[in-house]
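Chemist: Before I ask anything, here is the structure I am working with.
The values are calculated or read from the model by the stated rules, or taken from the named source; none is laboratory data. Please read all numbers here as calculations on a predicted model, not as lab measurements. Heads up, the Cβs are rebuilt from the backbone with ideal geometry, glycines too, and the neighbour counts pull from every protein chain shown.
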Amino acid sequence: MSVTLQLPNVLSRLAGGARTLSSEGGTLADVVGDVSRRFPELGPRLRDEKGELYPFVTIYLNDEDVRFLGGFSAPVRDGDVVTVVPAVAGG
Amino acid sequence: MTTTASGPALTHEEALRYSRHLILPEVGVPGQLKLRQAKVLLVGAGGLGSPLALYLAAAGVGTLGLVDFDLVDLSNLQRQILHGTGDVGRSKLESARRRIADVNPHVRLDTYETRLAADNALDLIRGHDLVVDGTDNFATRYLVNDACVLLGVPNVYGSIFRFEGQASVFATKDGPCYRCLFPKPPPAGLVPSCAEGGVLGVLPGLVGTIQATEALKLLLGAGEPLIGRLLLVDALTMQFRTVRVRKDPACPACGTREITELREEATACEAPGQAEEPVPELGPRQLAARLARRDDLLLVDVREPHEWEICRLPGAELIPLGTIPDAAQGLPRDRELVVYCKGGARSARAVRFLRRQGFDRVLNLTGGITRWSEEVDPAVPRY
C-alpha cells in the first residue's frame, strides 16, 4: 500500500527538503505516524499534542478534507494522495 | 442617450475602452453595465490588492472601495505594483488614487484610511456587492470572513506565502466560508509573516489576478466561480490544483451561526513555519523592581497603534512589530532593551530579530502587558 504525502514548500525543509513522501498504512494516522517517525520535526506540524487535527492545517485525502472522512482514522488506499494545506495569511 | 435600470448607456468612449469585453458573449453590453453598477470593496492595497485594484478598475467596475492604513515603503515595490518609487512615503490610498485615476477615470474610488477592525468591518462592507480579501494577517481575514457571512456578501479570498498561494470564494448564499476551511487561526508567534518568511514578488500577481477573475465572474454571473473549491497555486513547481471545501454544518460562522457579532481573533499573522529558539526574558515583577531602582532600560512596545491606544507602559516607545526591521538601526545599543507586546509572543519574535542584528542586551517581558496588569499594575487595562 503506497500513499503519497504532499507537503507545502514551507514544511518541506522539515522532511529533508522533500515535497513528496511515500508512505504505507491502512489509515491516515498510520501515514502521518510513519512520516513523523522518519522526520520527527515534521510530526508536530501535522497533528497536535493529542494527535488531533489542527484547526489551521487542513489535510486532504485526494481532494476531500479529512475532517469529513473521519479525521486521522480515515482509511487510505494504494495510490491515494494526502495533501497538507496550512493556513497562510500573506497578502 | 438612453437610460435604463443599469444607468445611462455606454458612451462612445466607454464602448471603445471596453470593446474587448463587449465582443465577448459572456460580457457584452449588459455585462459591462453590470460591472459599471457594481461596488467592490478591496481590503488591503498591498501585494494582492495591487493587481486587484488595477484589473478591476481597468475592467470597468464602477465603484471600488479600498481599505488600507499603510504608507508605501521601499520594500513594498518588489510586488505592490499599484505603487511606484515616487510614491514611497505617501499613503497607499493616495498612491492608489493617482494610479487608478490614470488607469480608468470612470471608476469611482472610495478610500477608507483605517484598519479594518471588529468595530468598523460591518460598516465598511455593508452596501458592497463583493469583498475581495487582500489582507496580510489572520485576524483581519477572520473579521472579513465573519462580517461577510453576517451580511451575506461574498468574499473573494486569496492568500500567499513564499512561493505558494490559495484562492477561493467564500460566504456565498449556500457556499462554505473561510472558517469551514480553517476553523481557527494558528496561535500567535507560531509562524513567520511574509516580512519574515519572504514572498516571491510575482506571486501576489498570480493570486491577485485569480481573485480579480473570480470577482468579475461573480459580478457577471459567468462561468463557475471557486465556490466550494480551494485553488492551490505552487509557483515553484508551477502546479495548480483544486481541492474541495465543504460547507461545515458545525461552522460557528456559516453553519450554526453562533458568531453573531464580530470579535478579533487573538493571533499574529502567518503560516506554519519554524520552531523558534527561546529568548532571554524577565517577568513583570522583575521589571517593576528594576524600574523602581531606576535601571537604564528602554521599553519597546511592539504592538499595533490601536492596542497602544488601549494601554501602555509609562515611558515606552511604540515600534509595531512590522516596523522593527526598519526601526532597529535607530535603537540605542548602549542601553538595555525590554520588549513587550500583549502576551509575549510577538515581542519574543522582535527580541529574536534584534539579537540577530547584534543587540545582545535585549529582554522579552514574559506574559506581556497582560501579565504586567495581572501582577504589577491592575490599573493597566487588559483587553
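Chemist: Can you list the helices (runs of 4 or more DSSP H) lying wholly within segment B:73-186 that have 1 or more residues being touching a His at 6+ places or on another chain (Cβ under 8 Å)? First the steps, then the outcome.
Modeler: Values: elements: B:92-103, B:121-125, B:138-151, B:178-181.
Result: B:92-103.
Chemist: Can you tell me which residue within segment B:143-180, out of those that are crowded, with 24+ Cβ neighbours inside 10 Å and among the aromatic types (Phe, Trp, Tyr), is nearest to the other protein chains (Cβ to nearest Cβ)?
Modeler: B:Phe161
Chemist: Take B:Leu22 and tell me if it is modelled with pLDDT of 95 or more and closer than 17 Å to B:Val132 by Cα. It would help to see each step written out before you state the result.
Modeler: Working: modelled with pLDDT of 95 or more: yes; closer than 17 Å to B:Val132 by Cα: no.
Considered against the rule, which asks whether it is modelled with pLDDT of 95 or more and closer than 17 Å to B:Val132 by Cα, B:Leu22 comes out as no.
Chemist: Could you list all residues from segment B:28-69 that are within 14 Å of another protein chain (Cβ to nearest Cβ) and among the small types (Gly, Ala, Ser)?
Modeler: B:Gly44, B:Ala45, B:Gly46, B:Gly47, B:Gly49, B:Ser50, B:Ala53
Chemist: Next question, about the same structure. Condition check: under 27 Å from B:Thr114 (Cβ atoms), touching a Pro at 6+ places or on another chain (Cβ under 6 Å) and buried (at least 18 other Cβ atoms within 10 Å of the Cβ). Does B:Cys341 satisfy that?
Modeler: On the way: under 27 Å from B:Thr114 (Cβ atoms): yes; touching a Pro at 6+ places or on another chain (Cβ under 6 Å): no; buried (at least 18 other Cβ atoms within 10 Å of the Cβ): yes.
In short, no.
Chemist: Go through (1) of a type in the set (Val, Ile, Thr); (2) under 18 Å from B:Ala57 (Cα atoms); (3) in contact with a Phe, Trp or Tyr (Cβ under 8 Å, 6 or more places away or on another chain) for B:Val103 and report which single condition fails.
Modeler: (3)
Chemist: Among the residues of segment B:243-253, is there at least one that is away from every other protein chain (no Cβ under 14 Å) and either part of a loop (DSSP other than H, G, I, E, B) or among the charged types (D, E, K, R) (or both)?
Modeler: The initial filter retains those residues of segment B:243-253 that are away from every other protein chain (no Cβ under 14 Å), namely none.
No: zero hits.
Chemist: Can you pull out the residues in segment A:42-62 that are within 13 Å of the chain's Cα centre (by Cα), within 10 Å of another protein chain (Cβ to nearest Cβ) and surrounded by fewer than 18 Cβ atoms within 10 Å (Cβ to Cβ)?
Modeler: A:Pro44, A:Asn62
Chemist: Going by the conditions given, is A:Asp65 more than 13 Å from every other protein chain (Cβ to nearest Cβ), closer than 24 Å to B:Arg229 by Cβ and of a type in the set (Asp, Glu)? Step through it out loud before you land on a result.
Modeler: Values: more than 13 Å from every other protein chain (Cβ to nearest Cβ): no; closer than 24 Å to B:Arg229 by Cβ: yes; of a type in the set (Asp, Glu): yes.
In short, no.
Chemist: Starting from segment B:69-91, take each residue that is under 17 Å from B:Val43 (Cβ atoms) and touching a residue at least 40 places away in the same chain (Cβ under 8 Å) and list its partners that are surrounded by fewer than 21 Cβ atoms within 10 Å (Cβ to Cβ) and of a type in the set (D, E, K, R), counting only C-beta distances under 7 angstrom and pairs at least six apart or across chains.
Modeler: Qualifying pairs under 7 Å: B:Phe69/B:Glu113; B:Phe69/B:Arg115.
Chemist: Is one or more of the residues making up segment B:9-22 farther than 19 Å from B:Ala215 by Cα and either in contact with a helix residue (DSSP H, G or I) (Cβ under 7 Å, 6 or more places away or on another chain) or surrounded by 21 or more Cβ atoms within 10 Å (Cβ to Cβ) (or both)?
Modeler: Taking segment B:9-22 first, the residues farther than 19 Å from B:Ala215 by Cα are B:9-17, B:19.
Right, trim to either in contact with a helix residue (DSSP H, G or I) (Cβ under 7 Å, 6 or more places away or on another chain) or surrounded by 21 or more Cβ atoms within 10 Å (Cβ to Cβ) (or both) and you get B:10, B:15.
Within segment B:9-22, one or more residues are farther than 19 Å from B:Ala215 by Cα and either in contact with a helix residue (DSSP H, G or I) (Cβ under 7 Å, 6 or more places away or on another chain) or surrounded by 21 or more Cβ atoms within 10 Å (Cβ to Cβ) (or both).
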